[in-house]
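Heads up, the thing below is written out as structure tokens.
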Amino acid sequence: MSSKIDIGGDNPVKNYGPMATFAQLCATIAQSFLLVGLGMELTMSTIVIQDLYNNPKSEFSLTTSQVSWYGSILFVFHPTGSFLSGFLQERFGRKRCMVLANIPSILGWIMLYYTHSVASLYASTVLMGLSIGFSEAPILSYVGEITEPRIRGMMASLASTAGMLGMFLIYLLGYFFEWRIVALLSTLCPITCICLVMLIPESPIWLIAKGKNEKAKKALCWLRGWVNPEIVKTEYLELIRYNELSGIRNDKVNIEYDSLSSKLSQLKDPSVYRPLGLVMIVFFISYIVCLLPCKPYFSQILNQVDLSNDQSLLLVFFSILQMAGCIILFFIINYLGKRFLTVMSVMINTILLIAFGLYIIAINNNYIQSTPWFPKMVLSGISLFGTSISTLPWMLISEIFPNKSRGVAAGSCAALSYLLMFIITKSYLSIEIFLTLEYTMLLFGGIGLFGLVYLYLYLPETENKTLLEIEEYFK
């Protein structure tokens, strides 16, 4: 079979032109509001903890143990939503699941605004966790399925930029408003997302898999620049053939195939568990070298390195650097490729982590005097250069799984990633207390060295490759 077939909707020889790029950009931006909300929900705990941690002046305060749970409980319920969405999106479609994912988000923000106790604070976080998890699989599948190979990397990096934008908005709003007002204003994001997602088409490949070929053709026309059916006829036929090659035939879809046990059995396929293992290792490396487990406790880290003044401004600045990194990635990924950018990102962040740990050791042993500009530079560098490695696993999820298993594999992968994030985030404070901050940073740097070697040896290049080519690599 020719490698020109691609689920992303393109024969790589054909370029549909600027209108097609614009149409796919519109669809990506619409669904990216889910990722804006994701970034806001992931970051909100930092703002709340900053105000409530051991604060006798607040209506209620959080102890160290409660802070640890509040900072990590979000990731306990992500896997539940992610796992369910992997199955539901195959039955109900990417678009419907993206709309439904906003409902618990709206409820979570409203509950956070009205919270007056630790229990209700936890409950609001649970709703947000379910929302994030439920949205992961359809988001990841949708971007990979609607875009042409020539711009798939750019669209995936744009989606990642949306998550960074959400983090920036929370830090910015937190600088000007009290956290309850921030929560209330944040409800506008999921409401906007519902309105925009209703305007974009369903994934053509999902429609074909369900036997809705005419709707698939109309969706493909929309995504290729609102063109006539004749223009997308060749690609449409190739999508049908790809669908058959990947193991989903319209005339063979039945209750047995849709059963839970049948879906789970797909995870035993080498074309699924091999890329899944790769993605999970990349997730672990990215979490560590980008200091993601430290995010809820960033204020305490800044205090330890004499950066307690203007914490809110520093958080805003770091989030701006993350957005800048995503924007730079958007423009250069087609030229340098995911593999090169990822290896460089891990290498730079590993050097910065080791330098950070050695700096704190030197300060504690009175070898040098405290120089606030150095930790600012290190944390700024981690924020800027960590973009490639932090966004890579999400890009991979949208590309590397076969069509027949993409829904359940993407959902399971997202679920496992958040379970991993929960374990790391929940244990971070204990690790820091046991090792102290400086040796924790050195430990993270050591993990970064391992990650650098692993990625150099095993990470394939997927940029400008059709999804069939990527699928063949893992067989």
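The values are calculated or read from the model by the stated rules, or taken from the named source; none is laboratory data. Please read these numbers as outputs of a predicted model, since none were measured by experiment. Cβ sites come from the backbone with ideal geometry, for glycine too, and all protein chains shown count toward neighbours. Areas reflect the complete protein model, heavy atoms only, side chains present, ligands, DNA and RNA absent. Shrake-Rupley method; radii C 1.70, N 1.55, O 1.52, S 1.80 Å.
Provide, in order from the shortest bin, the percent of all Cα-Cα pairs of region 373-464 in each 5 Å bin, continuing until the bin that contains the maximum pair distance.
Spelled out bin by bin, region 373-464 gives 2, 10, 13, 20, 22, 15, 9, 5, 2, 1, 0 percent.
Using square roots of five times the C-alpha gyration tensor eigenvalues, list the equivalent-ellipsoid semi-axes of region 91-133 in whole Å, biggest first.
Working from the Cα gyration tensor, I get semi-axes of 25, 9, 5 Å.
From the helices alone, meaning DSSP H stretches of at least four residues, give me the mean residue ellipticity at 222 nm for the chain, per-run term -39500 (n - 2.57), in deg cm²/dmol to the nearest 500. If you can, show how the numbers build up before the last one.
Working: 22 runs with 362 residues, N = 475.
Computed mean residue ellipticity for the chain: -25500 deg cm²/dmol.
Subtracting the Cα-Cα distance from 0.36 nm times the residue separation, let me have the gained length for T192 to R180 in nm, one decimal.
Extra length available between T192 and R180 comes to 2.3 nm.
What are the equivalent ellipsoid semi-axes of region 61-205, built from the alpha-carbon gyration tensor (square roots of five times its eigenvalues), in whole angstrom, biggest first? Numbers along the way, then the final one.
On the way: eigenvalues 168, 59, 40 Å².
Equivalent ellipsoid semi-axes, largest first: 29, 17, 14 Å.
With a 1.4 Å probe and every protein chain left in place, tell me how much accessible area C195 has, in Å² to the nearest 10.
My reading of the accessible area for C195 is about 80 Å².
Which order do R94, R339 take when ranked by solvent-accessible area (1.4 Å probe, heavy atoms of all protein chains), largest first?
Working: R94 5, R339 65 Å².
Accessible-area ranking of R94, R339, largest first: R339, R94.
Consider just the alpha-carbon atoms of the chain and return their Rg together with their Dmax, both in angstrom.
22.2, 74
So, in nm, how far is label K268 from label T436 when the simple model puts each one 7 Å beyond its Cα toward the Cβ?
Here the answer is 5.1 nm between the modelled labels.
Over the alpha-carbon set of region 298-343, work out the extent along each principal axis and list the three values in angstrom, largest first.
Per principal axis, max minus min of the Cα coordinates gives 40, 18, 11 Å.
Which three extents, in whole angstrom, do the alpha-carbon atoms of region 275-387 cover along their principal axes, largest first?
45, 26, 24
Please work out the Cα convex hull volume for region 15-123 and give it in Å³ per residue. Show your work: numbers first, answer last.
Working: hull volume 14.3 nm³, N = 109.
Enclosed volume per residue, from the Cα hull, is 131 Å³.
Applying 1/(1 + (r/R0)^6) with R0 = 25 Å to the Cβ-Cβ distance of S58 and S427, what FRET efficiency is obtained, to the nearest 0.05? Kindly include the intermediate steps, with their values, before the conclusion.
Working: r = 27 Å, r/R0 = 1.07.
Once rounded, the FRET efficiency stands at 0.40.
What percentages make up the Cα-Cα pair-distance distribution of region 418-475 when the bins are 10 Å wide from 0?
Going from the shortest bin to the longest, the percentages are 19, 29, 27, 18, 8.
If exposed means no more than 12 neighbouring beta carbons inside 10 Å and the site is in a DSSP loop, what's the longest run of the chain without any exposed chymotrypsin sites (Phe, Trp or Tyr not before Pro)?
On the way: sites that count: W226, Y367.
Answer - 1-225.
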